[in-house]
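These notes are about the structure you will find just below.
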Amino acid sequence: MFKKLIFAALCGWGSVGVAQDNVTTFTLDNGLDVVVVEDHRAPVVVHTLWYRVGSADEAPGKSGIAHFLEHLLFKATDTLEAGELSETVAANGGSDNAFTSYDYTAYYQRVAADRLGLMMEMEASRMTGLRLQPDDIGTERNVVIEERNQRTENSPGALFREQLRAAQYMNHRYGVPIIGWMHEIEQLNMDDAMAFYRHHYAPNNAILVVAGDVMPDEVRNLAEQHYGVIPANPDLRDRARTQEPPQRSPRRLTYSDPRVAQPYVTRSYLAPERDSGDQTTAAALVYLAEILGGSPATSVLGAKLQFEEKVALYTSASYGPMSLDDTGFGLIIVPAEGVSLQEAEDAMDAVVADFIETGPDPETFERIKMQLRASRIYGRDNVESIGQTYGRALTQGLTVEDVQAWPDVLQAVTAEDVKEAAKMIFDKNKSVTGWLMKQEAAQ
């Protein structure tokens, strides 16, 4: 019988527990944290192993190693041939993939519920049993290089955003692209990959999230059988990241490229993330982004600049609350024909300045609050999404309690909270403004 548990900050979990909304938690003796999200409406399970390591945890000069290693984990292990895991999942009617972020790396499989034990067996083999061959390095490194060529080097917008992010973070590794800088990707080798793997891939640095048609006792028995026999890494160190110094001056950059079809202006501000036990500021910023630039027809920027003044073709505001360290709040304006980038930027600034003084329209605020409440209700129908919510949160410094409190935190936000958040966030000394333009326009 499981007892209720509230996870401590930074995932300092107790031994066993159960939380609301059919979410059960426990920790194996080797330090592997396990989250079980029950949903018995369909005989399907999503098995995801999350590692508390991402690109922001890489050593200087080794950018891209976290993502590179994610690719390499589909090679051979002690018990699997290269490609065998994905082939087995497909043969069982399932799907699998993996993804790397700044703060985590995750591997998942979606299969019939009665195949859960097989998924655990194969994923556990990848945790410490990777057996790379010299040819694997060159082959997969070329795959990553081609991926960067396609997604970044061949896209002026992607190159522009990469430069913006590098300017936003002057000291933190969030300023380095997840896929890595090209000149550093080209130098990654076997020793780099195995050193990163041996240190970070261990049960005491991982969270197993199992969501779907399963029972907690079943998951625990299988986890003990397959993962519980893997020893913890006694040399695992706490995450040690460089942090941002005080940002005291606005930064600006222009990026010109003959391939640019539509010039635009963007500005990003350094912003606080969701913090464990204190999510109120982040919740207010969620509303601020939606009110300013969520829907073109009803948002403040859209209504004013696209429909009333007709100086913009598109406007947007965005905020990413899920982050282990400081995140960003962004604004975008695409000028209408005949409107210069400077005129577009000035128009955007005028709307923001007016909002800081007046705050949100009460009717609009209540409508968005209702939409967020409805979104939470509808979101409960997607067990895969719920499982990912817990995995991302717990690898980024939040707790199960924080995840479950978030809807109430959002509903407690007031219009005055949003106004105060706007005053706080729109500090140009913490901003980067960028212009993307065609090369001939720049000249």
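The values are calculated or read from the model by the stated rules, or taken from the named source; none is laboratory data. In this text, all values refer to a predicted model and were calculated from it rather than measured experimentally. Using ideal geometry, Cβ is built from the backbone for each residue, glycine included, and neighbour counts are taken over all protein chains shown. Note: areas computed on protein heavy atoms with side chains; ligands, DNA, RNA excluded. Shrake-Rupley method; radii C 1.70, N 1.55, O 1.52, S 1.80 Å.
Here are the numbers for the structure shown:
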| read-out | value |
| --- | --- |
| Debye equation applied to the C-alpha atoms of segment 285-356, log10 I(q)/I(0) at 0.11, 0.14, 0.15, 0.20 Å⁻¹ | -0.26, -0.41, -0.46, -0.76 |
| The chain - percent relative contact order, Cα under 8 Å, separation 6 or more | 22 |
| Efficiency of FRET between ARG259 and ASP217 - r from beta-carbon atoms, R0 56 angstrom, step 0.05 | 0.45 |
| Probe 1.4 Å, all protein chains present, accessible-area order of TYR264, TYR201, largest first | TYR264, TYR201 |
| Dimensions (Å) - segment 141-219, Cα atoms, principal axes, largest first | 51, 30, 28 |
| Residues whose placed amide H lies under 5 Å from that of GLY320, excluding near-sequence neighbours | GLY328 |
| log₁₀ of I(q)/I(0) at q = 0.11, 0.25 Å⁻¹ - segment 109-185, Debye sum with one point per alpha carbon | -0.52, -1.07 |
| With Cα atoms, 0 to 90° folded angle of helix 400-412 axis to the chain main axis | 30 |
| Å² of accessible area per residue within the chain, as computed with a 1.4 Å probe and no ligands counted | 44 |
| Residues in segment 138-179 reached by a label modelled at GLU244 [backbone nitrogen below 12 Å; 7 Å Cα→Cβ] | 165-175 |
| Mean projected area (nm²) of the alpha-carbon convex hull when segment 340-443 is viewed from all directions | 10.3 |
| Separation of the ASN149 and ASN92 label points, Cα + 7 Å toward Cβ, nm | 3.6 |
| By accessible area with a 1.4 Å probe, ligands and nucleic acids excluded, highest first: order of ARG367, ARG267 | ARG367, ARG267 |
| Dipole of the chain, positive end: most advanced residue of ALA166, VAL176, GLY138 [Cβ charges, Cα centre] | ALA166 |
| Heavy atoms of LEU159: accessible area, 1.4 Å probe, square angstrom to 10 | 20 |
| Cα extents of segment 152-267 along the three principal axes, largest first (Å) | 58, 36, 33 |
| Net charge contributed by nearby residues that have their C-beta within less than 12 Å of ARG148 (K/R +1, D/E -1) | -4 |
| The chain, dipole about Cα centre (Lys/Arg Cβ +1, Asp/Glu Cβ -1), debye to the nearest 20 | 540 |
| Residue-averaged 222 nm ellipticity for the chain, from DSSP H runs of 4+ at -39500 (n - 2.57), nearest 500 | -12000 deg cm²/dmol |
| PHE99 accessible area, assembled protein chains, probe 1.4 Å, Å² | 50 |
| Solvent-accessible area, 1.4 Å probe, carbon plus sulfur percent, for the chain | 50 |
| Calculated P(r) tail over 33 Å for the chain, as whole % of Cα pairs | 42 |
| Computed over segment 213-342: relative contact order in percent, which uses C-alpha pairs under 8 Å that are six or more apart | 24 |
| Under the Debye formula (equal points on every Cα, no solvent term), log10 I(q)/I(0) of segment 51-191 at q = 0.12, 0.14, 0.17, 0.20 Å⁻¹ | -0.54, -0.72, -0.98, -1.21 |
